[in-house]
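J.: Below is a structure I'd like to ask you about.
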Amino acid sequence: MRMKLLVGAAVLAVALGSAITQVAADTPRQEAMKEMGKNMKTIKEIVSAGGPAADVAGPAQKIAEIAAKIPGLFPQGSDMPDDEAKTDIWQNWDDFTTKAKALQDEAAMLASAAGGGDIATVGAQFEKVGGSCGSCHKAYREQKN
Ligand code: HEC
């Protein structure tokens, strides 16, 4: 019994330890961005495989949901010395949020294109979503290394 408890405590310590490392390594916005990256990869694989188009709806919806949260993930004064967010974000806040909204809209359109079932249409709309990521990164992300 005592042995079991000790093992349980050790497992918990390891689990907590890795959770803490995770938080230190990735800020909420970096995590959100990575999550969008994963969903983009999933969609890319489906498009490359020629379908099924309907499978794109879920990940596209997820990107739209995360995009809606972008403004809230960049509160005033949240610039950090070693992140990749440019201070221009807060100087051009309206433009930044417009770009976030553009991604949200393009991703929502991708989800509905997926519902239409035509993989060529989905592929073309997927390009637009990628363009929305790129247009914001070009202006507001300072890619290090
Ligand atoms: C409205 C602006 C904006 C849009 C739209 C946007 N990003 Fe970003 N992205 C940023 C900024 C700013 C950073 C740097 C954040 C930081 O380091 O705190 C970033 C960082 C990232 C990172 C690196 C995260 C890390 O761990 O350091 C990835 C991956 C990423 N974005 C993927 C995407 C993808 C994929 C899309 C489109 C589906 C997208 N982003 C759309 C602004 C945007």
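The values are calculated or read from the model by the stated rules, or taken from the named source; none is laboratory data. These numbers were taken from a predicted model, which means no experiment stands behind them. All Cβ positions, even for glycine, are placed from backbone atoms using ideal geometry, and neighbour counts span all protein chains on display. Side chains included, ligands, DNA and RNA excluded: accessible areas come from the protein's heavy atoms. Shrake-Rupley method; radii C 1.70, N 1.55, O 1.52, S 1.80 Å.
J.: What residue, of PRO71, PRO75, PRO81, is modelled with pLDDT of 95 or more and open to solvent by 60 Å² or more (accessible area, probe 1.4 Å)?
T.: Only one candidate qualifies: PRO75.
J.: Further question: Can you confirm whether the stretch 130-139 contains a residue that is basic (Lys, Arg) and surrounded by 14 or more Cβ atoms within 10 Å (Cβ to Cβ)?
T.: Checked the stretch 130-139: no residue is basic (Lys, Arg) and surrounded by 14 or more Cβ atoms within 10 Å (Cβ to Cβ).
J.: So which residues in the stretch 24-45 are surrounded by 14 or more Cβ atoms within 10 Å (Cβ to Cβ) and free of Cβ contacts under 8 Å to residues at least 40 places away in the same chain, if there are any at all?
T.: GLU31, MET33, GLU35, ASN39, THR42
J.: Of the conditions (1) assigned to a loop (DSSP other than H, G, I, E, B); (2) near the ligand (Cβ under 7 Å from one of its atoms); (3) open to solvent by 60 Å² or more (accessible area, probe 1.4 Å), LYS144 satisfies every one except a single condition; which number is it?
T.: Failing condition for LYS144: (2).
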